[in-house]
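> This is the structure I have questions about; it appears just below.
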Amino acid sequence: MSSAWVEIDLNAIAHNFEEIKRAVGHDKKIMPVIKADAYGHGLVPVARVLEEKGADFLAVSYVEEGIALRKAGIKIPIAILLGIIPEEIKALFTYQLTPIIYRLEIAKKLSQEAQKRRTQISVFVKVDTGMGRLGVFYKEAISFLKEVNHLPGLKIEGISSHLALAETDRRFTQKQFMRFKAILRAASQVGLTLKFNHIANSAGALMYETGLSVIRPGLTLYGVYPVRSLRQKINLRPAMCFKTRIIYVKWLPPHVGVSYGHTYVTTKKTRIAVIPIGYDQGLFRQLSNKGEVLVQGKRVPIIGTICMHLTMLDVTKLDKVDIGEEVVILGKQGNEEITADEIAFKAGTISYDVLCRFGRSNPRVYL
Ligand SMILES: Cc1ncc(COP(=O)(O)O)c(C=O)c1O
């Protein structure tokens, strides 16, 4: 058994997919975002569950992720969110991947390759409606779409955009939706049929009534809420737990420093438990003297500085603690729960970072 592991509940992901469908309406098409190893939950196992549940498309960042999915036997369409470089064009055809494009130079190269192979390739055109990141600026979208539409061998499936402030600013988000829909109207006026258009992430899909038919959720699939108020609307189940075991227990007298820098000094007789993980396993160093974990279903504090592979807990309040006992860093034990949001808040980051980091730094066990 490893010193630490993440447990992934694939049934929770299936449940969350169903819940999202129920909340947005069964007529909506879903493109789950499974980049970054499905936010740390494992690219292929998560893709298999979502394919089985009826996802319409999958979205990843990189061509390599798309290739890994195809090699694992995933059949449904796969979008490459980040766009592509010329060296990746052949692989798109070999593995039947759908790139998102926003540079004419790439569109032309794709068209040339498609003609050479006497075939057609589907693409999405990425539009920047207010994220200020990838994509053709929304005012130039129609002329770009027209140019791409003239290139032989390319089939524009639809347009794609991304929301910058879905959780925090309704007015600006509505503006992004309006810009997106204006492009769709203008496209239809010039005779372009765009069937599969997506802009809404989890928050965009669950907090707004947009009338758009495709959504692109990530975080909620893994059971984490983008905002607290959505708890009223949808019942999500966290899919990841992060666990380890106690390797050492001892009593320390008062006035003794614990760990590097003695950032914690005992004030009374204190029983400490040592766990064999630290920042190498993704345990944010910012949780030193701040974080809590669960032992015997109770919250106990992390004391002293978190080391590379060692972290100390104050377990004085527990009656009896044994070496080998399970410790939960993220997830439930008994009636207590430590959420990705709680860890993110204490570490000064976001829940996405917590999931990706724990998932990538530890072996995964599937339930
Ligand atoms: C382009 C794009 N679409 C969709 C998502 C999914 O967003 P969320 O995880 O907030 O649902 C992301 C996440 O970062 C993204 O970058």
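> Largest first and in whole Å, give the semi-axes of the chain's equivalent ellipsoid, each being the square root of 5 times a Cα gyration tensor eigenvalue.
Result for the chain: semi-axes of 46, 21, 18 Å.
> Need one number: the % of Cα-Cα pairs in the range 60-186 sitting beyond the 18 Å mark.
Every Cα pair in the range 60-186 considered, those over 18 Å come to 54 percent.
> What residue among Trp251, Leu92, Phe177 has its Cα farthest toward the positive end of the dipole of the chain, where the charges are +1 on Lys, Arg and -1 on Asp, Glu, each on the Cβ?
Phe177
> With θ taken as phi - 60° and the coefficients 6.51, -1.76 and 1.60, list the Karplus ³J(HN,Hα) couplings across the range 126-143 in order, rounded to whole Hz; mark glycine and proline as x.
8, 10, 8, 9, x, 8, x, 10, 6, x, 6, 4, 4, 6, 9, 5, 5, 5
> Give the lysines reachable from Lys53 as a straight Cα distance under 24 Å; neighbours fewer than 8 places away on the same chain don't count.
Qualifying lysines at Cα under 24 Å: Lys21, Lys28, Lys29, Lys35, Lys71, Lys75, Lys195, Lys233.
> Output ³J(HN,Hα) for the range 11-21: one whole-Hz value per residue in order, computed from phi by the Karplus curve 6.51 cos²θ - 1.76 cosθ + 1.60 with θ = phi - 60°, and x for Gly and Pro.
Whole-Hz 3J(HN,Hα) from phi for the range 11-21: 5, 5, 5, 4, 4, 5, 4, 4, 4, 4, 4.
> FRET efficiency for His309 and Lys53, Cβ-Cβ distance as r, R0 = 56 Å, nearest 0.05?
After rounding, the FRET efficiency stands at 0.90.
> So, counting K/R as plus one and D/E as minus one, what does the shell of residues with Cβ under 10 Å around Ile277 add up to?
Net charge in that neighbourhood comes out at +1.
> When DSSP beta bridges are limited to those with both residues in the range 10-227, what percentage is antiparallel, rounded to the nearest 5?
0 percent
> Counting only other residues whose beta carbon sits under 12 Å from that of Pro253, what net charge do I get with K and R as +1, D and E as -1?
Result for the local shell: +4.
> Given that compact globular proteins tend to follow 2.2 N^0.38 Å, what is the ratio of the alpha-carbon Rg of the range 240-366 to that value?
After normalising by residue count via 2.2 N^0.38 Å, the value is 1.00.
> Looking only at Gly42, Gly257, Gly83, which one moves most when the chain is put into a Gaussian network model with springs between Cα atoms under 10 Å?
Of the options given, Gly257 has the highest mean-square fluctuation.
> Compute the whole-percent fraction of alpha carbon pairs in the range 279-337 spaced more than 20 Å apart.
When all Cα pairs of the range 279-337 are counted, 21 percent exceed 20 Å.
> Can you run phi through the Karplus equation (6.51, -1.76, 1.60; θ = phi - 60°) for the range 58-66 and list ³J(HN,Hα) in whole Hz, with x for Gly and Pro?
Listing the rounded values in order: 10, 10, 10, 7, 10, 4, 4, 5, x Hz.
> Right, another one. Given a Förster distance of 25 Å, report the FRET efficiency between Phe137 and Lys181 from their Cβ-Cβ distance, rounded to the nearest 0.05.
0.90
> Calculate how many DSSP beta bridges within the range 130-273 are antiparallel, expressed in % of all such bridges and rounded to the nearest 5.
Counting DSSP beta bridges with both partners in the range 130-273, the antiparallel share is about 65 percent.
> Quick check on packing: order 343-354, 187-198 by the mean number of other C-beta atoms within 10 Å, highest mean leading.
The densest-packed peptide leads the list: 343-354, 187-198.
> Counting only pairs 8 or more residues apart or on different chains, how many lysine pairs in the range 77-187 have their Cα atoms under 18 Å apart?
So the count works out to 21.
> What residue among Phe57, Phe172, Phe284 has the largest mean-square fluctuation in a Gaussian network model of the chain, using Cα springs under 10 Å?
Phe172
> Additional query: What is the ratio of the Cα radius of gyration of the range 1-88 to 2.2 N^0.38 Å, with N the residue count, to two decimals?
1.16
> Also, quick follow-up: Using the crude model of +1 on Lys and Arg Cβ and -1 on Asp and Glu Cβ, and no other charge, please compute the dipole size for the range 10-227 relative to its Cα centre, in debye to 20.
Magnitude of the dipole: close to 580 debye.
> With Cβ to Cβ distances under 15 Å as the rule, what net charge do the other residues near Ala4 carry (K, R +1; D, E -1)?
+1
> How large is the helix-only mean residue ellipticity at 222 nm for the chain, computed as the sum of -39500 (n - 2.57) over DSSP H runs with n ≥ 4, divided by its residue count, in deg cm²/dmol to the nearest 500?
Here the helix-only value at 222 nm equals -9000 deg cm²/dmol.
> Expected output is a single nm value to one decimal: the length gained when fully extending between Ser213 and Trp251, i.e. 0.36 nm times separation in residues minus the C-alpha distance. What is it?
Once the chain is fully extended between Ser213 and Trp251, it gains 7.6 nm.
> Same structure again: Going by amide H atoms built from the backbone, whose H comes under 5 Å of the H on Val293, apart from near neighbours?
Val300, Ile302
Only the coordinates and a few stated rules stand behind these numbers; no lab work does. Quick caveat, the model's predicted, so the values are computed rather than measured. In this analysis, Cβ positions are derived from the backbone assuming ideal geometry, glycine residues included, and neighbour counts consider all displayed protein chains.
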